[in-house]
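Encoded as structure tokens, the structure appears first; notes follow it.
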Amino acid sequence: MNSANSMDSMNARRDVVVAGGGPVGLMLACELRIGGASVMVVERRTEVDQTVKAGSINTSTAEAFYRRGMLPALAEVQQRSVERFQAFVRDRQATGATGRSPRTPSRFAGHFAGIMLRGELLDTADPDFAHAGPAHDVGLVPQQEVERLLAERARELGVEVRVGTELTGFEADEHGIEVRLARVSDGSGESVRADWLVGCDGGRSTVRKLAGFTFPGTDPQITGRQALVEMTGSDALRPGWNATETGMYVHGPMPGRILTVEFDGPPADREAEVTAEELQTSLRQVSGAEVTITGVHTATRFTDNARQAADYRAGRVLLAGDAAHVHSPFGGQGLNLGIGDAMNLGWKLAAVVRGRAPEGLLDSYTAERHPIGAWVLEWTRAQIALMRPEPQARALRDVVAELAGSVAGTTYFAKKVSGVSLRYDLPGSHPLVGRSAPDLELADRTRLADLLHDGRALLLDLADDAELRARAEGYGERVRLVTTACPGRPDLAGLLVRPDGITAWALDAGGGPDTGDGLGDALSRWFGTPTAGRPTGRPSRSGPSATGAAA
């Protein structure tokens, strides 16, 4: 994290203030910055939170990083994660631990309610797995590493991040929003003027509460605990996810990592320190093993409280990530859902700020992301039902485990967990519209993701079609026009990809249902009115894109 402290900087007006400097807030800030917006991030922490959180990302999140040129960094982190897992296996073997021996996964596939999905059973010929390209092979990236990589990118882009600072209030009017801040160290107050405020400040969001967003949902039934500990007697613990008569527990995939789930209601005090004694009692209760915890590195409690803001925007205030939706952490969906929010909102808000699109474009943020959030809440509720220790729930769990152990079942669950089946309800009848754009390999062996690094929309002319190019005239730097060929997809004649990687329009070779005004409608819907008499500039041929803020 970096901090800007000059008084001149503090007095300057920002386009956007982002409350919360976790992965979602940083991702949003980076997207706003490459879209040309000035942005300040305020974060009360001064260091990355080392509490054990999500241990992986899904394919949709990997695609987002890939499209911004960050996939190699993720791959390096994944390699270190695999090495830690292998060290965990060696440690168990060295101590003669009982129970099944974990295997290094051939391919990361995730889990559903602790029912592990075997990567070798994935039907990789399924069309939903075909579009992601190299991003499909990256997943074992812990949340702390995601935050670290985004903090580095934010610095590179010149994002202003004020650490040790928290939002205490705000007042909006027709001209903007006054955001009140306080330094955590001494409580001293200051304020900044902005056009927009986005709450990325977590499940107990101050922004959400102060703005008056309704937050309906279901109350918690469980107490979960997750920690990195030192312990003796761990050889009696089985690795991985384990259902017992009293709950669930996890051991691994790194040395000292434990997780327990008890179905005795929420904790009496979520804020109380998680002690070694509490962890030990819970682990013994659920596992039946006489484990002794001798030290705690990090620990946290969680519940299955599941709630979602009814709308993600109230005037000049918007929500993203856990501020907009909370649920149990099973399956690691929270991080992925939040990154998706940031990708969807970032380019739209930047376009509004820069005057490239009307304010009404922001209505599509809630319209597109709210259904995805609602699905995740239902997905996590279903997992809680399968994890309960009652005989009826365990019988159902056995049925689901049997289904998940088939090629069809593994493929179904993996598609849901990975996000590859996600589709927004956008105008247009082509099957690619509303879906993540396929990572096409182009004639010069560059890939579609290489052309999205700068955060601009992309119009691919794959048939050297002068009429198609003419429809893009007047959009200038808003839409990058590339004329090329795609030998692997001769069926495609054209593709319009939004900055977040979503296909907004597609045309098959030989025409199809989206000919005529389909492209013109998509361009005006997402990128505003073309500038009369302004050429788009010389269309480029495919090749690596430039980086930096879009004009």
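The values are calculated or read from the model by the stated rules, or taken from the named source; none is laboratory data. No experiment lies behind these values; they were computed from the predicted model shown. Virtual Cβ from ideal backbone geometry, glycine too; neighbours counted across all protein chains shown. Keep in mind that these areas ignore ligands, DNA and RNA; they rest on the heavy atoms of the full protein, side chains included. Shrake-Rupley method; radii C 1.70, N 1.55, O 1.52, S 1.80 Å.
Here is how the numbers come out for the structure above:
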| quantity | calculated |
| --- | --- |
| Relative contact order [Cα under 8 Å, 6+ residues apart], the chain, whole percent | 18 |
| Residues whose placed amide H lies under 5 Å from that of residue 494, excluding near-sequence neighbours | 462, 507 |
| Region 334-368 versus region 401-468: alpha-carbon centroid distance in Å | 19 |
| With every protein chain in place, the chain: carbon and sulfur % of accessible area (1.4 Å) | 50 |
| Coil-residue trypsin sites (Lys or Arg not before Pro) of region 201-260, DSSP, other Cβ within 10 Å capped at 14 | 204 |
| Translational D in µm²/s for region 296-341 (Stokes-Einstein at 25 °C, 0.890 mPa s, Kirkwood Rh from C-alpha pairs) | 204 |
| Three-way shape label, region 438-503, alpha-carbon gyration tensor, a/c 1.5 | oblate |
| P(r) histogram, all alpha-carbon pairs of region 313-369 included - 10 Å bins from 0, percent | 22, 51, 21, 6, 0 |
| Length added when fully stretched, residue 209-residue 531, from 0.36 nm per residue minus Cα-Cα | 111.8 nm |
| For the chain, accessible area per residue (1.4 Å probe, heavy atoms of protein chains only), Å² | 40 |
| Highest-first arrangement of 477-485, 169-177, where packing means the average Cβ count within 10 Å | 477-485, 169-177 |
| Theoretical FRET efficiency, 1/(1+(r/R0)^6), r = Cβ-Cβ of residue 174 and residue 509, R0 45 Å, to 0.05 | 0.35 |
| MRE, 222 nm, helices only [DSSP H, n ≥ 4, -39500 (n - 2.57), over the chain, to nearest 500] | -10000 deg cm²/dmol |
| Extension gain from residue 188 to residue 467, taking 0.36 nm per residue of separation minus the Cα-Cα distance | 94.4 nm |
| Three-way shape label, the chain, alpha-carbon gyration tensor, a/c 1.5 | oblate |
| Computed lengthening from residue 47 to residue 90, 0.36 nm per intervening residue step minus Cα-Cα distance | 12.3 nm |
| Residue 489 paired with residue 277, simple spin-label distance in nm, labels 7 Å along Cα-to-beta-carbon | 6.1 |
| Cβ crowding within 10 Å averaged over residues, with 286-292, 314-320, 354-360 ranked highest first | 314-320, 286-292, 354-360 |
| Separation in nanometres of the label points that stand 7 Å from Cα toward Cβ, at residue 381 and residue 311 | 2.3 |
| Cα-based shape type of region 130-194, given that a ≥ b ≥ c are square roots of the gyration tensor eigenvalues and the cut on a/c is 1.5 | prolate |
